[in-house]
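Taking it in order: structure first as structure tokens, then the write-up.
Quick note: the coordinates plus some simple rules give every number you see, no bench work behind them. All of these numbers come straight from a predicted model, not from anything done at the bench. As a convention, Cβ positions derive from the backbone with ideal geometry for all residues, glycine included, and neighbour counts pool all protein chains shown.
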Amino acid sequence: MPSHNSYATLGHRRRKGGDSGVNAGQQQLDDVQEGDLHFRVPAAAARLTGLRHALAEWAEQSGLSAEDREALTLASYEAMANSVEHAYEGQLQGVLDLRAVRDQKQGRVTVTVTDFGQWKPPPIDPGSRGRGLPLIRGLTPDTEITPSDQGTTVSMSWPIAAED
Amino acid sequence: MSSEAFREDSPGPRGFSIDVENHGETVVLSVVGEVDLVTAPVLEESISAALARRPDMVVVDLSEVGFLASVGMSILIGCNEQAGDTTRFRLVAAGASTFRPMELTGVADAISIYPTRDQALTED
């Protein structure tokens, strides 16, 4: 199937049990619930543009306000950029996992970015490049960063406005 | 060279371009597209080249920028420092995709930001 955009081949699933097209080198994502978004891609800057657009498109249906959707897209991009720039320094190729979930019961949307590299604590003097984490925290009412030996997970949540 | 334009046609469906106009001692850079890890180096190169000519003023118009990642903001801060006392460095930005993130990161405190290009060009 020809793709009309750059992310159509990444393994995006809009419907459970939908297109199961397996791409070479692409992890099969069987646990994605209907309406959720899940990608696992090489941690490379060039891949993030497509992921961001996919996420922005997904967020259109999330129930978030326009301002929160902007915040979600930017904060998620910053989390992914962090992984691309820092997690796999000195390694050939890393993997990045992006998941976006709309939790109706909890009334919130959560984006989780996971890498499997090394957590780099922000330097005391962040210099000119250390604006990513403060920006994520400024854009996100609820941010959780979990570094571990296996990698780092950044989880960001936004409340869904109550329906009329 | 009085006018030049950089066009990057390949990356992404939305494209990215920076148009450079010289108005006497003022250089205006109009940025169109999304500033992220892929496009930010182009932004840095374009602004640095404009500052290297030491004009009185450099205005970077971000009105047509739909996405501004922190890498882009760091470049703007660096360019503001490069401008120093020689060149007045100003931004045009309004709205959720550019002004708000620059407010959150403190960039708006460090660099003069105007809601319109006219204001950036005419205010003292």
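For B:69-81, what's the mean count of beta carbons from other chains sitting within 10 Å of each residue's beta carbon?
4
Between the beta carbons of residue B:110 and residue B:23, assuming R0 = 25 Å, the FRET efficiency works out to 0.50 to the nearest 0.05.
Across segment A:43-56, coupling constants 3J(HN,Hα) worked out from phi with the 6.51/-1.76/1.60 Karplus curve, θ = phi - 60°, read 7, 9, 3, 5, 7, 6, 4, x, 4, 5, 5, 4, 5, 4 Hz, and Gly and Pro carry x. For A:68, A:142, B:85, B:19, the sequence from fewest to most other C-beta atoms within 10 Å is B:85, A:142, B:19, A:68.
Gyration tensor analysis over the Cα atoms of segment B:14-70 returns equivalent ellipsoid semi-axes of 21, 12, 8 Å (largest first, whole Å).
Using only alpha carbon pairs under 8 Å that are at least six residues apart, calculate the relative contact order of segment B:23-124 and give it in whole percent.
28
Give the Rg/Rh ratio for chain B, taking Rg as the radius of gyration of the Cα atoms and Rh as the Kirkwood radius, to two decimals. Could you put the intermediate results ahead of the total?
Working: Rg = 13.2 Å, Rh = 14.3 Å.
That ratio is 0.93, to two decimals.
In terms of packing, defined here as the mean over residues of other Cβ atoms within 10 angstrom, the peptides B:59-67, B:103-111 line up highest first as B:59-67, B:103-111.
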